[in-house]
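Enquirer: Pasting in a structure now, in structure tokens, and then I'll have a few things to ask.
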2 protein chains.
Amino acid sequence: MPGSHPSRADALPDLAVTVVDIDDPGDPRVDDFRDLNSVDRRPDLPILPGGSPGKGLVIAEGVLVAERMVASRFTTHAFLGVDKRLRELAPTLTDASVSGVPFYRASAAVMAEIVGFHLNRGVLAVARRPVPLGVAEVIETARTVAVLEGVNDHENIGSIFRNAAGLGVDAVIFGGACADPLYRRSVRVSMGHALLVPFAHAANWPSDLDILREKDFRIISMTPDAAAIPLSEAVDAERVAFMVGAEGPGLSETAMRAGDVRARIPMARGTDSLNVATAAALAFYERAR
Amino acid sequence: MPGSHPSRADALPDLAVTVVDIDDPGDPRVDDFRDLNSVDRRPDLPILPGGSPGKGLVIAEGVLVAERMVASRFTTHAFLGVDKRLRELAPTLTDASVSGVPFYRASAAVMAEIVGFHLNRGVLAVARRPVPLGVAEVIETARTVAVLEGVNDHENIGSIFRNAAGLGVDAVIFGGACADPLYRRSVRVSMGHALLVPFAHAANWPSDLDILREKDFRIISMTPDAAAIPLSEAVDAERVAFMVGAEGPGLSETAMRAGDVRARIPMARGTDSLNVATAAALAFYERAR
């Protein structure tokens, strides 16, 4: 029994993780959770060729997202959280996949000093970024995929993963100029589905769309263009890829031409296009329908 | 020609507004734009019975939203903006509805001192909150309405208005415990559609749903409940009201029972419910389809 929590008499189940109490915010064992909001040192930045100050980590925030990290292809290598969240997470912490992994238990105040702000959700899990999956790999058994170009907002990326998971999309392909799906904010907004829905970055954009075409995907370019066919007339194929672009500019003309058909969401007059994650959700819904 | 902008030689069209240059951030003429992020003094808080520090104003932010305020039922009584935005807004500023209304022109630095932060969008418009519309009034000619309960997030409210406008919803009814649709953030996220799509607050909730029922609306309670019918089987009525609740708890049981039919969005297994604005968008889309 850890001496610093003598008042917690409730028995925990047999945990696979090793609980380690942290009283000193400067303890180097929790360095992977340090300064999460730092512009240039935050640990969840990718490690880029030529070196970068990121550590190439992925941070899961809150009980639900931490559970999903443990259930995902990502290998969780540490937790940091308050005792209350340790208890809420306990059923997950009995999983063999986290055997021997440290759960650093700290007070809310110590945790705030480590991460650099008060973290409402009270628990974090961390994994290293795994070897990226390839496009051919993530589409192999997929029936419906989303392809993103220029979606450079972490919140939109997160919402697209959440919508993809809820509406039965099997994989996400990143074309050019997209934000990082493994940034903490993306992962949080996705409710952890960025860790569960397989994704790949196109090495060559948009020519990697040929990988989808060779596998008989119908590539649907989403556009507000009135000359495009309505979404409902576009989705009836064995395999479908929905290609969406950034809010405002939309898909590049090159990407648009690389698609097989242009489809639009019927919109009321005098309105703008929808938010990109909402437009994607409507496409996913029409497909599942 | 205002002396403080001698380098701007481009001619402006004949404006209906009166351009007034502001050099002193303390000028009382711009008090309606002051301290926009203040927790307790921000001018866009409603005036509540018993008094409140709000001024009961509505703030439109950016060229597009300011244009929509001018086009709306709200009476714009002042603008504050940098010269560049004055020029972008000029076509709107010739409108008879803003005849004699002051456009307070300031530098970005003076404007930042007035509003309390640097405002990227560079222009604001302000109106007084008009007399609220009633439920019977906003549904009179409507075919499709959204009814919200417990939606207490300004961003979600804004997104719902944006989606309602884009997908042909005629009015929004606020049931209990919703956030303010006229808060600056709601208006901004709505792209100004919170000013254009008519809305009303139910004085009695949920019994005011009877006002809809008397007008032959089918009231559809949205729920993730697997026992509910699929959305696509629920929307085929002359008049339809989609009732949505807060993310997490969803609709209260009382509200749910006050509906005519329960409908669900078919979801993939092992996922959570969708974001409330996304769920509403799917319902609106299914209706428009």
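Enquirer: Name the residues whose placed amide hydrogens come within less than 5 Å of the amide hydrogen of residue A:239, ignoring near sequence neighbours (fewer than 5 apart) on the same chain.
Expert: Amide H neighbours of residue A:239: A:218.
Enquirer: Show me you know the interface measure: the accessible area buried between B and A, both chains summed, probe 1.4 Å, in Å² to the nearest 100. Kindly include the intermediate steps, with their values, before the conclusion.
Expert: Working: alone 13460 and 13500 Å², together 24690 Å².
Result for this pair: about 2300 Å² buried.
Enquirer: For segment B:132-198, which GluC sites (Glu not before Pro) are in a loop by DSSP, counting at most 16 other Cβ atoms within 10 Å?
Expert: Filter output for segment B:132-198: B:140.
Enquirer: Using +1 at the C-beta of Lys and Arg and -1 at the C-beta of Asp and Glu, which of A:46, A:62, A:72 has the Cα lying farthest in the positive direction of the dipole of segment A:18-128?
Expert: Working it through, the farthest residue towards the positive pole turns out to be A:72.
Enquirer: Filter the GluC sites (Glu not before Pro) in segment A:189-289 down to the DSSP loop ones having no more than 12 other Cβ atoms within 10 Å, then list what survives.
Expert: Answer in residue order: A:238.
Enquirer: Determine the residues within segment A:272-288 where the difference in accessible area between the chain on its own and the full set of protein chains amounts to at least 40 Å²; count protein heavy atoms only and use a 1.4 Å probe.
Expert: Those are A:272, A:274, A:278, A:282, A:285, which lose 40 Å² or more relative to the chain on its own.
Enquirer: Out of the total accessible area of the protein assembly as shown (probe 1.4 Å, heavy atoms of protein only), what percent is carbon and sulfur?
Expert: Exposed carbon and sulfur together represent 50 percent of the surface.
Enquirer: How big is D for segment B:79-162, in µm² s⁻¹ as a whole number, if Stokes-Einstein is applied with the Kirkwood radius of its Cα pairs at 25 °C and 0.890 mPa s?
Expert: Estimated via Stokes-Einstein, D reaches 151 µm²/s.
Enquirer: What does the C-alpha gyration tensor say about the overall shape of segment B:135-288? Classify as rounded when a/c is under 1.5, otherwise prolate if a/b is larger than b/c, or oblate. Mind showing how you got there, number by number?
Expert: Numbers: a/c = 1.39, a/b = 1.12, b/c = 1.24.
Rounded.
Enquirer: I'd like to check one number: the per residue accessible area of chain B, probe 1.4 Å, reported in Å² as a whole number.
Expert: That works out to 43 Å² for each residue.
Enquirer: How high is the FRET efficiency from residue A:117 to residue A:269, r the C-beta distance, R0 45 Å, rounded to 0.05?
Expert: The value I calculate is 0.50.
Enquirer: Over all directions, how big on average is the projection of the convex hull of the alpha-carbon atoms in the protein assembly as shown, in square nanometres?
Expert: Details: hull surface 124.0 nm².
For the protein assembly as shown, the mean projected area of the Cα convex hull comes to 31.0 nm².
Enquirer: Do you know the relative contact order of segment A:18-128, to the nearest whole percent, from alpha carbon pairs under 8 angstrom that are 6+ apart?
Expert: 38 percent
Enquirer: Taking a ≥ b ≥ c as the square roots of the eigenvalues of the Cα gyration tensor of segment A:146-207, is the shape rounded (a/c under 1.5), prolate (a/b larger than b/c) or oblate?
Expert: oblate
Enquirer: For residue B:35 and residue B:73, what does the FRET efficiency come to when R0 = 25 Å and r is the distance between their Cβ atoms, rounded to the nearest 0.05? Kindly include the intermediate steps, with their values, before the conclusion.
Expert: Details: r = 27 Å, r/R0 = 1.08.
For residue B:35 and residue B:73, the calculated efficiency is 0.40.
Enquirer: What number comes out for the charge environment of residue A:276, summing +1 per Lys or Arg and -1 per Asp or Glu over other residues with Cβ under 15 Å away?
Expert: Spelling it out: positives minus negatives among the neighbours equals -2.
Enquirer: Restricting attention to segment A:71-142, which trypsin sites (Lys or Arg not before Pro) occupy a DSSP loop and are surrounded by at most 15 other Cβ atoms within 10 Å? Mind showing how you got there, number by number?
Expert: Values: sites: A:73, A:84, A:85, A:87, A:105, A:121, A:128; in loops: A:73, A:121.
The qualifying sites are A:73.
Enquirer: Of B:279, B:147, B:212, which is farthest on the positive side of the dipole of segment B:135-288, counting Cα position, with +1 on Lys and Arg Cβ, -1 on Asp and Glu Cβ, and the Cα centre as origin?
Expert: Of the options given, the answer is B:279.
Enquirer: So what are the radius of gyration and Dmax for the Cα set of segment B:18-128, in Å?
Expert: Radius of gyration, then largest Cα-Cα span, for segment B:18-128: 13.3, 42 Å.
Enquirer: Right, something else. Helix-only mean residue ellipticity at 222 nm, the protein assembly as shown, DSSP H runs n ≥ 4 weighted -39,500 (n - 2.57), per residue, nearest 500. What is it?
Expert: Result for the protein assembly as shown, helices only: -7000 deg cm²/dmol.
Enquirer: In segment B:164-210, what residues drop by 20 Å² or more of accessible area when the other protein chains are put back, versus the chain on its own? Use 1.4 Å, and skip ligands and nucleic acids.
Expert: B:165, B:166, B:167, B:193
Enquirer: Shape verdict for chain B, please, from the Cα gyration tensor: rounded (a/c under 1.5), prolate (a/b greater than b/c) or oblate.
Expert: Here chain B falls in the prolate category.
The values are calculated or read from the model by the stated rules, or taken from the named source; none is laboratory data. Here the structure is a predicted model, which is why all the values come from computation and not from measurement. Here the Cβ is made from the backbone with ideal geometry for all residues, glycine too, and neighbour counts use every protein chain on show. Surface accessibility is based on the protein's heavy atoms, side chains included, excluding ligands, DNA and RNA. Shrake-Rupley method; radii C 1.70, N 1.55, O 1.52, S 1.80 Å.
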